[in-house]
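The values are calculated or read from the model by the stated rules, or taken from the named source; none is laboratory data. Bear in mind that the values here come from a model prediction, so they are computed numbers and not experimental data. Using ideal geometry, Cβ is built from the backbone for each residue, glycine included, and neighbour counts are taken over all protein chains shown. Side chains included, ligands, DNA and RNA excluded: accessible areas come from the protein's heavy atoms. Shrake-Rupley method; radii C 1.70, N 1.55, O 1.52, S 1.80 Å.
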Amino acid sequence: MIYKYYKTLIILVLTALLSCNKNDNEDNHDSYFYVALPTDPVKVVNTSGSWLVYDLHIKTPNIEKVVVFHDDIPLLTYTNFITRDNLHIASIWLEYPQDGWVKEHLVHEFQYQNSINQPELHSFNLKVEREYPNPKTVEFPVPQGIWLAEGAPGVSSYHTRAIFPFQEPIYDEEQNGYLIGNNPQRYAIDYALFENNLPYKNDGKNLTDWHCYNLPVKAAEGGKILFTENNIPDNLTPGELDYPTDMTNASGNVVYIEHLDGTIGVYCHLIPNSILVNVGDFVTTGQVLGRLGNSGNSFAPHLHMHVLTNPENKSLVEYADGLYMESLPYKFPEFVKLGALEPGYLDETPITSFSPTMNVNFIGKLPSESDVIEF
């Protein structure tokens with residue numbers, strides 16, 4: 001989903017505020033401190049490198065930082081928590097070693113204050129695998145061209161830091177910690193097409209000014225159609241929302257495809273009445289699903305696409321059901337990186353022309369945040 005929406009969603013977590021994970025948490029006896037993970041760590045391979053990625057959901061009155069150690073060597077000091085009251089989320093991205101992990105634990109040392117403002121330390125051990133599998137490969141969901149990969153996965157991406165919070169945190173007895181919510185789009189990309197080094201012609205005030213508007217949206221992987229919504233209006237003026245958005249329409253017109261391995265591809269913000277598939281249909285990789293639009297929580301034409309994991313075989317019946325699943329990384333067969341723009345580029349007024357700074361071929365990787373790529 002688009003740029004401004006996820007900035008808003010992070011604020012929602014701050015003002016309105018994790019599926020179990022096996023970990024070694026024998027030190028977690030402090031009644032002032034709880035930590036849990038919504039999902040197992042995964043390997044992400046993008047144009048910036050290889051990463052071990054996971055979230056920590058933390059409940060404690062005040063938190064200052066967490067230092068992550070492997071074999072007594074500090075790997076990361078993290079302070080950029082999403083916080084509301086005594087609930088905190090850390091999005092951890094660790095550089096993945098070329099030969100995998102030697103030791104089977106990562107030690108997390110938290111510095112925090114207890115309920116009477118006394119400084120405390122808490123140690124949390126996370127069991128890690130010696131090797132993690134590379135992400136699955138999917139095809140691009142949009143036609144060939146030059147595309148901005150807005151909000152692509154990275155430690156500071158608005159998709160990475162977005163969350164759909166539960167009404168109340170859920171206590172996980174297995175982890176002895178609290179789960180705050182789900183992030184179905186941690187590895188999502190917002191696609192906007194560039195022509196003549198710009199995403200639109202004229203002043204961009206009309207939907208048809210945008211080069212990507214009304215282009216075909218294609219299945220990145222074949223499978224069975226689980227859910228569609230086809231009747232949500234486009235927002236007619238880029239930069240503005242024509243109607244309130246909530247959990248019943250945030251993704252706009254949408255298609256969910258279940259793949260053979262049980263994962264689910266999600267395609268958002270399509271033009272109303274453009275979807276060509278129905279629930280129960282089987283589609284092939286590259287088949288056209290509908291047309292790229294500006295429906296739902298979208299401030300400009302783009303395609304938001306991500307992949308969900310569904311190990312519990314949850315049903316998709318209501319529109320919001322997919323918002324309470326978790327996300328999965330993936331990679332593309334091949335693309336060329338032409339450079340990168342500053343995050344939030346599409347919010348600029350006036351917008352500046354993109355100037356390519358490189359021409360590097362990547363095979364079996366994912367774009368990084370705000371990469372400009374050609375395929």
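On average, how much accessible surface per residue is there in the chain, in Å², for a 1.4 Å probe, leaving out ligands, DNA and RNA?
42 Å²
Could you report the accessible area of Asp242 in Å², rounded to 10, computed with a 1.4 Å probe on the protein chains as they sit in the structure?
Estimated to the nearest 10 Å², Asp242 gives 80 Å².
Counting only protein heavy atoms, what percent of the accessible surface of the range 216-321 is carbon or sulfur at a 1.4 Å probe?
52 percent
Summing -39500 (n - 2.57) over the DSSP H runs of n ≥ 4 in the chain and dividing by its residue number, what mean residue ellipticity at 222 nm do you reach, to the nearest 500 deg cm²/dmol?
Calculated mean residue ellipticity at 222 nm is -1000 deg cm²/dmol.
Counting only other residues whose beta carbon sits under 13 Å from that of Tyr178, what net charge do I get with K and R as +1, D and E as -1? Intermediate values should be presented prior to the final figure.
Values: positive: Lys59, Arg84; negative: Asp55, Asp85, Glu168, Asp172, Glu173, Glu174.
That sum, taken over residues with Cβ under 13 Å, equals -4.
Determine, for each peptide in 85-91, 292-298, 156-162, the mean count of other beta carbons within 10 angstrom over its residues, then list the peptides with the highest first.
Those peptides, ordered most packed to least, come out 292-298, 156-162, 85-91.
Expressed in nm to one decimal, what extension gain is obtained for the pair Lys136 and Glu195 from 0.36 nm per residue of sequence separation less their Cα-Cα distance?
In short, 18.3 nm is gained.
To the nearest Å, what is the center-to-center distance of the range 186-210 and the range 116-166, using C-alpha atoms only?
25 Å
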